[in-house]
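Each remark here refers to the structure printed beneath this line.
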Amino acid sequence: RARKTPQIKHDTDLQQKLIASLAFELTPAQTRVLDELMRDFDCGKPMIRLVQGDVGSGKTVVAALASLPVVASGYQVALMAPTEILAEQHTQNFMQWLAPLGLNLVNLSGADKGKKRAHKEAMIASGEAQIIIGTHALFQASVDFNRLGFIIFDEQHRFGVDQRLALQRKTREGEMAHQLI
């Protein structure tokens, strides 16, 4: 709590656009959790929040909605999943929801090699990639984030403490990114 935390503007414009584009309505629980996350961003201290729910309960759309004010505030979002298949599923969902809003997403996995990987890492380092979804590849030494402000760990129990800390250390010196687990 002593570390500097990203200042997230409470900008709901992108959120409202995404909500309007969804083929379903948010549940009262999803709306309540999203409101709680926005209050956490406003408090000026690093958020570390656990969101729990059954498969299919809508945790992913809440995470996507929570990402929007972070990106609007000039920070990057990293979503780390334990497998390439799950990371790809998240990428497809986020692309479907967020690409129409003009956001740049990158999926980075261990399978990315050579020029393809170098290009993705350059997009991350420059800040061109606003939302980065991937596996353990996200905390590798070659990956430098431009301005990481929000980390989402999916199935966090499948990562070790050191692995989660390794991604957290990708923030700017002295900063502590908000975390949604």
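Among 23-30, 127-134, 75-82, what's the highest-first ranking by average C-beta atoms within 10 angstrom per residue?
Output ranking for 23-30, 127-134, 75-82: 75-82, 127-134, 23-30.
Which FRET efficiency, nearest 0.05, do Lys45 and His119 yield, Cβ-Cβ r, R0 35 Å?
0.45
Could you list, in their original order, any pairs among Lys17/Lys45; Lys17/Lys120; Lys9/Lys113; Lys45/Lys115; Lys45/Lys116; Lys4/Lys115 whose Cα atoms are separated by more than 32 Å?
Over 32 Å apart, Cα to Cα: Lys9/Lys113; Lys45/Lys115; Lys45/Lys116; Lys4/Lys115.
Go ahead and run the numbers for FRET between Asp13 and Gln92, Cβ-Cβ distance against an R0 of 25 Å, rounding to 0.05.
Numbers: r = 24 Å, r/R0 = 0.97.
My answer for the efficiency is 0.55.
List the DSSP H helices in the chain whose Cα atoms stretch 27 Å or more along the helix axis and whose mean Kyte-Doolittle hydropathy is at least 1.6.
Values: long enough: none.
Qualifying helices: none.
How high is the FRET efficiency from Arg172 to Ala23, r the C-beta distance, R0 45 Å, rounded to 0.05?
0.75
Per residue, what volume in Å³ does the Cα convex hull of the chain take up?
Spread over its residues, the Cα hull of the chain gives 109 Å³ apiece.
Values quoted throughout were computed directly from the atomic coordinates according to the rules given, and no laboratory measurement underlies them. The structure displayed is predicted, hence computed values, not measured ones. Every residue, glycine as well, gets a Cβ built from its backbone with ideal geometry; the counts of neighbours run over all protein chains shown.
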